[in-house]
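Data block below; observations after.
Here, each number is a calculation from the coordinates, and none is a lab measurement. Just so it is clear, the model here is predicted, and its values are computed rather than measured. Cβ coordinates were reconstructed from backbone atoms using ideal geometry, including for glycine residues, and neighbour counts include every protein chain displayed.
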Amino acid sequence: MTRTDLKGMTLTELEEFFARWGKERYRARQLFRWIYQKHADDFAAMTDLSKELRGILASTCRLSGFPAERFETSADGTEKYLFRLEDGETVESVLIPDDARRTLCISSQVGCPLLCGFCATGASGFRRNMTSAEIVQQACYAAKRLSERGERLSNVVFMGMGEPLMNVPEVSRTIGILLSQFGFGFSGKRVTVSTAGIVPEMLALALAHPVSFAVSINAARDDLRSLLMPVNRKYPLKDVVAAMRRIPLQSGRKVTAEYVLLAGVNDSPEDALSLSRLFRGGRIKVNLIPYNAHEASPYRAPEAEVVGRFRDVLIAGGVQTITRERRGADIRAACGQLRGSPRGKKS
Ligand code: SF4
């Protein structure tokens, strides 16, 4: 008999599931707490459910999950996990400690179909979409690992392998679990969806969930952006920027424009000036990411002075700008370096 996997269901789906069995809806909230707050992976541990219900769940349902098959720890404390999914595919997640913050960068697809020229994930091709059970398990694993050492997962970013907005149903269900007060209980500002700019889905998801958005821009001109990101041919800059301006914002929040700086390609003062014109007006902030090289890439990282000059032009143009600190590059955990291939030690 195939057991129903309760991991990855939204609270509403779980309530409906219990209602179909003639059970009280609040059972779903109890189960949610056990799975996502108390890190239970066995129905037998759920002691506030009746013995009879635990027995029924154990014989007809399951809670899928997987530990990290391998992990690596960077000199700066960043941890990279490699997960093997039930069909043998592999994905990676990265946990980034920063003062009190513990941010998990999760994958939403095995590989990625968008083929951005500077990205190791794109270079390794696309295998399949991940399910919500698989996506949320990355957070379950990290949260449990952190709780065992007295720490808490504080932020989740969909910036790992894949384009989350090409897997909207499963990503949306995962976000529901992350934001539910009976699930992870994150506020929307602690969950960030990073996209290459899939315009229709961006707006739809923004209306469905009050999460934060980061959009990969990487060039201030369409010809260059299409070269770096082929998806620009379908969703050109003006449409992407217009969508960024239409995303509903909670007070004090901004949409982030991610800009990977590639030496001699998109890092000139003229590029910075064009970018500042694009984002003038206060609603969008720019996150500069000096390139993290990987084998087979024709690109290089710019010198620190070039990065500083680029940032200064943006700031002079009235655009809030942050330069992202390079994290986990020694274990290939930095932005654009995830491949999902086994390296590192077994857990
Ligand atoms: S940068 Fe993001 S969208 Fe582009 S290929 Fe890599 S994972 Fe996919």
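At a glance:
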{"quantity": "Cut-off under 5 Å, modelled amide H: who pairs with VAL286 long-range", "calculated": "ALA257, GLN320, THR321, ILE322"}
{"quantity": "Label-point gap, in nm, between LEU115 and ARG84 - each point 7 angstrom along Cα→Cβ", "calculated": "3.1 nm"}
{"quantity": "Likely footprinting exposure, MET159, MET46, fewest C-beta neighbours within 10 Å first", "calculated": "MET46, MET159"}
{"quantity": "At most 16 other Cβ within 10 Å, DSSP loop - GluC sites (Glu not before Pro), the range 131-203", "calculated": "GLU151"}
{"quantity": "Per-selection metrics, the range 145-246 (Cα): Rg and Dmax in Å", "calculated": "15.3, 49"}
{"quantity": "Charge tally in the Cβ shell below 15 Å around VAL199, where Lys, Arg are +1 and Asp, Glu are -1, VAL199 excluded", "calculated": "+2"}
{"quantity": "Sum of side-chain charges, ASN167 neighbourhood, beta-carbon under 11 Å (Lys, Arg +1; Asp, Glu -1)", "calculated": "-2"}
{"quantity": "Rounded, prolate or oblate (a/c below 1.5 giving rounded, otherwise prolate when a/b exceeds b/c) for the range 242-347 by Cα gyration tensor", "calculated": "oblate"}
{"quantity": "Rounded to 5, percent antiparallel among DSSP beta bridges of the chain", "calculated": "45 percent"}
{"quantity": "Within the chain, helix-based [θ] at 222 nm, where runs of 4 or more DSSP H residues each add -39,500 (n - 2.57), nearest 500", "calculated": "-9500 deg cm²/dmol"}
{"quantity": "Pair GLU270, ARG101: separation of 7 Å Cα→Cβ label points (nm)", "calculated": "3.5 nm"}
{"quantity": "Distance between the range 225-261 and the range 283-316 - C-alpha centres, whole angstrom", "calculated": "17 Å"}
{"quantity": "Cα gyration tensor, the range 4-62 - rounded (a/c under 1.5), prolate or oblate", "calculated": "rounded"}
{"quantity": "Computed Rg/Rh of the range 167-224, alpha carbon atoms with Kirkwood Rh", "calculated": "1.06"}
{"quantity": "Per principal axis, descending, Cα span of the range 116-173 in whole Å", "calculated": "40, 26, 17"}
{"quantity": "Pairwise Cα inverse-distance average, inverted: Kirkwood Rh of the chain (Å)", "calculated": "21.0 Å"}
{"quantity": "In the range 62-153, the trypsin sites (Lys or Arg not before Pro) that fall in loop regions by DSSP, at most 14 other Cβ within 10 Å", "calculated": "ARG149, ARG152"}
{"quantity": "Potential extension, GLU295-SER147 segment - 0.36 nm per residue separation minus Cα distance", "calculated": "49.7 nm"}
